[in-house]
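S.K.: Dropping the structure in here first, questions after.
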């Protein structure tokens, strides 16, 4: 449980570890997109962590990295095929970002740091935590952008008008992520200050 | 590989690309092109008979994919010197599609047929410019950000990273093209795309690493350290994926890879220039580091948005 | 040495394992994918003809696929049509030259299901044309009949948009006025060019008669509020009809900030319908002349 919390808050991949930012900026235009990609990443992360954890004693240390890459690539292909077959509309909106999951540094790093050392169950929870952190991060960014850009959430017209079309344009992704990172930073500084004063 | 050798190779490949232009078809037609919205300009190698040239019934013009739909000519005007002909059409022409023109009974030849289309070289350069500016991989496509923010602190790091990147990109793109067209498609193994491409990229990086180490240790010392970072980058996989999606041929792949690498280099260079100045600026503590970098990148992205829709060729 | 062998061995084993996993997944999903695509296409086609999702499709409604090929031989080109036959099942291959006169007809024994697949169909056409000719697929049209009478055509086409291609599907009635338009694929900017998917743009094409379409232009003006409400379906049926009548000869109102996309779509649709009208007239003349029994 603690592992999940760590994945979501203190070691959130997008806001704290600053990894895998490409999709965060690129397709977090709606909450739905964020959710879909989050699910895909969750799937890949969990399965890869578990697979590597199962085989950790069989993998030769010198070919660690290629093996991780191979595992990740396999699971990415699987989720890519599944999404293309069963959810073609959502898949079309995400373009090549699903395939790009294979290049996310976060997953490889997680495998390197955690899965190859810990047991299967722990790896599962850790993977889940990281994946959830990513998904929640994407959804939050998506919430901002969708609300402010098209006045809707999940496609449902909430505001009835479009406040700032700018936020849907991908360049706003940079702004929103930057601002959120600053926000997290501010929380951290505030927290440290209040603790430091003790 | 010294700089001089590289230059030589680049020049040779450019000449190779330009050669088709010089090997033009001879005969009656010396040149042809689209002009404006609804005109075709034809240049003959010698003066031709005026009445025959200006009789629109002698002309058959159609778009190549639709040979049964004949385009209606309004007029055919021959210039004073008898060599330049302007064909004026009733409806605006779709210049993106090659058109076929047949002239009957001109200069004694029963039928002369030629094609009019936008220059292929122009199209290739169009892909290059598109990957470089209009669809800049960092600012318009939002790929490669991970490494982007890490290495854009100083101008030298940026230059090094960009150059290494372009090199690996071109090599791996060409290799991926071969694999894709000769192995994946014929054997219907399309779903192995991702694995194969990333394998090729790792292979290329390893190869470039080894080659550079042996051939030019000085260069290796300045750039080699970035090679490892290349693999962790989204862009390097994006280029083969795009070429697989759009079914490019070799030249187009080369241009795409060059443009992508060049665009990355440009983006890095711009960011590093700004970042050097930012280090001297007064930034509130919550924004220091990544947040302000993101916001600056956002402004660049907005600026690059101005390139969208640019059509040079 | 032993180290390297172990490494290579383990690597190969993992590669094979990975390939098996992916292969199995691929086989499972590709069937589902084809099925879903087919269902989606059917839905789009019925929606274009006016039958919204869930509405009753009359049993007298039939769809007939007509495939068009460009046949090339050494000295000239011709257009070959694969038309479904009326009685014996299978298709008829009708080869028409570029001036509209019949070259030859040949029966082609191909079932409807087989004709949907690219390979068996191309092989059959190649066999019908004979050696020495090149066969290139051009497009496919669906003729819709109700009780044997033609009620419309379904056309699809691809043209250059603002960024890259735009793919549309159109439904036209026998007089070539537009019954419906759907944008299938595009890569336009979200919020700007992507608005071509919205009802208030697409519905402007509904009901446009052929004559108006041939001279269509795009005007940069805001849509009048009452027309906008009608386009978005916010008023009653008779009101929508009334507005359609009123605006049917008007130009298309461009999308804000996406004039080029709007123009591209308008010109693209015009091109598709005008070319089709010309071709179907040529085909109908040949069919009538030769008294060929086709299913529409």
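The values are calculated or read from the model by the stated rules, or taken from the named source; none is laboratory data. Quick caveat, the model's predicted, so the values are computed rather than measured. Heads up, the Cβs are rebuilt from the backbone with ideal geometry, glycines too, and the neighbour counts pull from every protein chain shown.
S.K.: Here is a list: C:56, C:52. Which entry is modelled with pLDDT under 80, exposed (fewer than 14 other Cβ atoms within 10 Å of the Cβ) and out of contact with any helix residue (DSSP H, G or I) (no Cβ under 9 Å at 6 or more places or on another chain)? Walk me through how you get there before you give the answer.
M.R.: Numbers: C:52 fails: out of contact with any helix residue (DSSP H, G or I) (no Cβ under 9 Å at 6 or more places or on another chain).
None of the others qualify; the one that does is C:56.
S.K.: Determine whether residue B:87 is under 30 Å from residue A:94 (Cβ atoms) and away from chain A (no Cβ under 14 Å).
M.R.: Numbers: under 30 Å from residue A:94 (Cβ atoms): no; away from chain A (no Cβ under 14 Å): yes.
Answer is no for this residue.
S.K.: Return yes or no: is residue B:229 facing another protein chain (nearest Cβ under 10 Å), surrounded by 17 or more Cβ atoms within 10 Å (Cβ to Cβ), modelled with pLDDT under 70 and out of contact with any strand residue (DSSP E or B) (no Cβ under 9 Å at 6 or more places or on another chain)?
M.R.: yes
S.K.: Of (1) touching a residue at least 60 places away in the same chain (Cβ under 8 Å); (2) within 14 Å of chain B (Cβ to nearest Cβ), residue C:164 satisfies all except one. Which?
M.R.: The single condition residue C:164 does not satisfy is (1).
S.K.: For residue A:113, which of the numbered conditions (1) touching a helix residue (DSSP H, G or I) at 6+ places or on another chain (Cβ under 8 Å); (2) closer than 22 Å to residue B:233 by Cα fails to hold?
M.R.: (1) is the only condition that residue A:113 fails.
S.K.: If you don't mind, another one. Filter region A:25-69 down to residues that are under 27 Å from residue A:95 (Cβ atoms), more than 13 Å from chain B (Cβ to nearest Cβ) and not in a helix (DSSP H, G or I), then give me how many there are.
M.R.: Result for region A:25-69: 1.
S.K.: Considering only region C:233-244, state which residues are outside any helix (DSSP H, G or I) and under 26 Å from the mean Cα position of the chain (by Cα).
M.R.: The one that is outside any helix (DSSP H, G or I) and under 26 Å from the mean Cα position of the chain (by Cα): C:233.
S.K.: Failed condition for residue B:248, given (1) within 10 Å of chain A (Cβ to nearest Cβ); (2) under 29 Å from residue C:164 (Cα atoms); (3) modelled with pLDDT under 80, with all others met?
M.R.: Among (1) within 10 Å of chain A (Cβ to nearest Cβ); (2) under 29 Å from residue C:164 (Cα atoms); (3) modelled with pLDDT under 80, the lone unmet condition for residue B:248 is (1).
S.K.: Could you tell me whether residue B:136 is in a loop (DSSP other than H, G, I, E, B), modelled with pLDDT of 75 or more and over 30 Å from residue B:68 (Cβ atoms)? Quick ask: steps written out before the conclusion?
M.R.: On the way: in a loop (DSSP other than H, G, I, E, B): yes; modelled with pLDDT of 75 or more: yes; over 30 Å from residue B:68 (Cβ atoms): yes.
Yes: the conditions hold for residue B:136.
S.K.: Just wondering, is there one or more residues in region C:221-241 that are in contact with a strand residue (DSSP E or B) (Cβ under 7 Å, 6 or more places away or on another chain), away from every other protein chain (no Cβ under 14 Å) and crowded, with 16+ Cβ neighbours inside 10 Å?
M.R.: Yes, because at least one residue in region C:221-241 is in contact with a strand residue (DSSP E or B) (Cβ under 7 Å, 6 or more places away or on another chain), away from every other protein chain (no Cβ under 14 Å) and crowded, with 16+ Cβ neighbours inside 10 Å.
S.K.: Can you pull out every residue in region B:261-278 that is crowded, with 24+ Cβ neighbours inside 10 Å and touching a helix residue (DSSP H, G or I) at 6+ places or on another chain (Cβ under 6 Å)?
M.R.: Hits for region B:261-278 are B:261, B:263, B:264, B:268.
S.K.: Can I ask one more? For region B:42-78, enumerate the residues that are under 26 Å from residue C:69 (Cα atoms), part of a strand (DSSP E or B) and in contact (Cβ under 8 Å) with a residue 24 or more places away in the chain. First the steps, then the outcome.
M.R.: To start, the set of residues in region B:42-78 that are under 26 Å from residue C:69 (Cα atoms) comprises B:59-72.
This time we only want the ones that are part of a strand (DSSP E or B), so: B:59-63, B:70.
Passing the criteria: B:59, B:60, B:61, B:62, B:63.
S.K.: In the set B:144, B:162, which member is on the phi > 0 side of the Ramachandran plot, in contact with a helix residue (DSSP H, G or I) (Cβ under 8 Å, 6 or more places away or on another chain) and surrounded by 15 or more Cβ atoms within 10 Å (Cβ to Cβ)?
M.R.: B:144
S.K.: Could I ask something else about it? Within region C:245-277, can you find the residues that are without any contact (Cβ under 8 Å) to a residue 40 or more places away in the chain, part of a helix (DSSP H, G or I) and surrounded by 14 or more Cβ atoms within 10 Å (Cβ to Cβ)?
M.R.: C:275 - this is the single residue of region C:245-277 that is without any contact (Cβ under 8 Å) to a residue 40 or more places away in the chain, part of a helix (DSSP H, G or I) and surrounded by 14 or more Cβ atoms within 10 Å (Cβ to Cβ).
S.K.: In the list A:138, A:181, A:130, which residue meets the criterion of being away from chain B (no Cβ under 14 Å), buried (at least 17 other Cβ atoms within 10 Å of the Cβ), part of a helix (DSSP H, G or I) and at pLDDT 75 or above?
M.R.: Just a single option satisfies the conditions, and that option is A:130.
S.K.: Could we say that residue C:47 is out of contact with any strand residue (DSSP E or B) (no Cβ under 9 Å at 6 or more places or on another chain) and either surrounded by fewer than 18 Cβ atoms within 10 Å (Cβ to Cβ) or farther than 25 Å from residue C:170 by Cα (or both) here?
M.R.: In short, no.
S.K.: Let me ask you something else. Filter region C:278-296 down to residues that are in contact with a strand residue (DSSP E or B) (Cβ under 8 Å, 6 or more places away or on another chain) and exposed (fewer than 14 other Cβ atoms within 10 Å of the Cβ) and give me whichever is farthest from the other protein chains (Cβ to nearest Cβ).
M.R.: For region C:278-296, the residue satisfying everything is C:293.
S.K.: What number of residues in region B:40-71 are surrounded by fewer than 17 Cβ atoms within 10 Å (Cβ to Cβ), within 36 Å of the chain's Cα centre (by Cα) and farther than 25 Å from residue C:78 by Cβ?
M.R.: 4
S.K.: Suppose the filter is over 30 Å from residue B:308 (Cα atoms) and in a helix (DSSP H, G or I); does residue C:125 pass it?
M.R.: The answer is yes for residue C:125.
S.K.: Does residue C:135 count as under 19 Å from residue C:77 (Cα atoms), at pLDDT 85 or above and in a strand (DSSP E or B)?
M.R.: So residue C:135 fits the description; yes.
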